[in-house]
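Before any comments, here is the structure.
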Amino acid sequence: MRILIADDDPQILRALRITLGSQGHTIIPAADGAEAISAAVKGHPDLYLIDLGMPRLDGLGVIEGVRGWSQAPILVISGRSESAEKVKALDAGADDYVTKPFSIDELLARIRALTRRVTPHGDEPVISFSEVTVDLAAHSVTKGQAPTIEYVHLTPTEWKFLELLVRNPGRLVTRETLLKKIWDSEHVSDSGYLRLYMSQLRKKLETDPKNPRHLMTISGMGYQLEL
């Protein structure tokens, strides 16, 4: 697996190169944000480890730049432990967040979890509705018909939401199930998250977001994908 490591601390960069290289991974190092973007375009990494406080372009800028064209997992490694910083990174498109200092065992476990989550499987479904195609194996969403097909960028949270609906076409997915699967039990009582992300998905995927035909709300119960 190709892993891009972006960190302006040479000691951390060296330690991670040695540790992850010994696991059989190919390491793409970057000492600042601008170098990370350049290396990403050239190397097409399978996974990103990104520090937030880097010169030339900070970690948030790198995440936003990468998310414009790649759905590869992004793990933030940062000394910033404030909740607000974590929220900014996750909202920008990161998949997970580890606070420095961290143990190598924890880091390796989080990498394994992220790669399991996105490893393609040959029997994963491809679902189409209107001009939208969702390919779970490729982890991609496209809209339109040839030759004008465009890739639709979804945030990690939007993808998780859509994936749960795609895996259950024509069936109700309850609010409780969505909240537990996406945000775990600590957010289980706040359905405002669901309304927000459903609104964003409709804007990106429905022809008429105000009058959806496919991403349906089942009043008082949850959501359903109608093909």
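The values are calculated or read from the model by the stated rules, or taken from the named source; none is laboratory data. All values reported here derive from a predicted model rather than from experimental measurement. Because the Cβ atoms are built from the backbone with ideal geometry, glycine has one as well, and the counts that use them run over all protein chains shown.
Tabulated results
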item: Subset of segment 200-216 [surrounded by 14 or more Cβ atoms within 10 Å (Cβ to Cβ) and under 24 Å from the mean Cα position of the chain (by Cα)]; result: Q200, L201, R202, K204, L205, E206, P209, H214, L215, M216
item: Test: residue in segment 28-36 that is in contact with a strand residue (DSSP E or B) (Cβ under 8 Å, 6 or more places away or on another chain) and either surrounded by fewer than 17 Cβ atoms within 10 Å (Cβ to Cβ) or not assigned by TED's automatic domain parsing to the domain that holds S103 (or both); result: no
item: Boolean, S199 is modelled with pLDDT of 90 or more and either assigned by TED's automatic domain parsing to the domain that holds P45 or among the hydroxyl-bearing types (S, T, Y) (or both); result: yes
item: Residues located in segment 96-116, provided they are assigned to a strand (DSSP E or B) and among the hydrophobic types (A, V, I, L, M, F, W, C); result: V98
item: Tally, over segment 42-61, of residues that are charged (D, E, K, R), within 18 Å of R17 (Cα to Cα) and at pLDDT 90 or above; result: 1
item: Any hit, segment 113-121, residues being in contact with a strand residue (DSSP E or B) (Cβ under 8 Å, 6 or more places away or on another chain) and either loosely packed, with under 13 Cβ neighbours inside 10 Å or at pLDDT 85 or above (or both); result: no
item: Test: residue in segment 90-99 that is more than 21 Å from the chain's Cα centre (by Cα) and more than 20 Å from K160 (Cβ to Cβ); result: no
item: Failed item in (1) β-branched (V, I, T); (2) modelled with pLDDT under 85; (3) under 12 Å from L215 (Cα atoms), with V173 passing the rest; result: (2)
item: Verdict on R80 being out of contact with any Asp or Glu (no Cβ under 6 Å at 6 or more places or on another chain) and either acidic (D, E) or touching a residue at least 60 places away in the same chain (Cβ under 8 Å) (or both); result: no
item: Of residues in segment 1-23 being among the charged types (D, E, K, R) and outside any helix (DSSP H, G or I), the one modelled with the lowest pLDDT; result: R2
item: Scope segment 138-170; condition at pLDDT 85 or above, aliphatic (A, V, I, L, M) and part of a loop (DSSP other than H, G, I, E, B); matching residues; result: V152, L154
item: Condition met for L49 (assigned to a loop (DSSP other than H, G, I, E, B), within 22 Å of the chain's Cα centre (by Cα) and in the same structural domain as Y97 (by TED's automatic domain parsing)); result: no
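Rundown of residues vs (1) within 24 Å of D91 (Cα to Cα); (2) acidic (D, E); (3) free of Cβ contacts under 8 Å to residues at least 24 places away in the same chain, yes/no style:
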{"site": "V126", "(1), (2), (3)": "no, no, yes"}
{"site": "F161", "(1), (2), (3)": "yes, no, no"}
{"site": "L164", "(1), (2), (3)": "yes, no, yes"}
{"site": "I182", "(1), (2), (3)": "yes, no, no"}
{"site": "P212", "(1), (2), (3)": "no, no, yes"}
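Rundown of residues vs (1) part of a loop (DSSP other than H, G, I, E, B); (2) surrounded by 18 or more Cβ atoms within 10 Å (Cβ to Cβ); (3) in the same structural domain as L16 (by TED's automatic domain parsing); (4) polar (S, T, N, Q), yes/no style:
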residue	(1), (2), (3), (4)
S38	no, no, yes, yes
V41	no, no, yes, no
M54	yes, yes, yes, no
E64	no, no, yes, no
A72	yes, yes, yes, no
A84	no, no, yes, no
A89	no, yes, yes, no
A94	yes, yes, yes, no
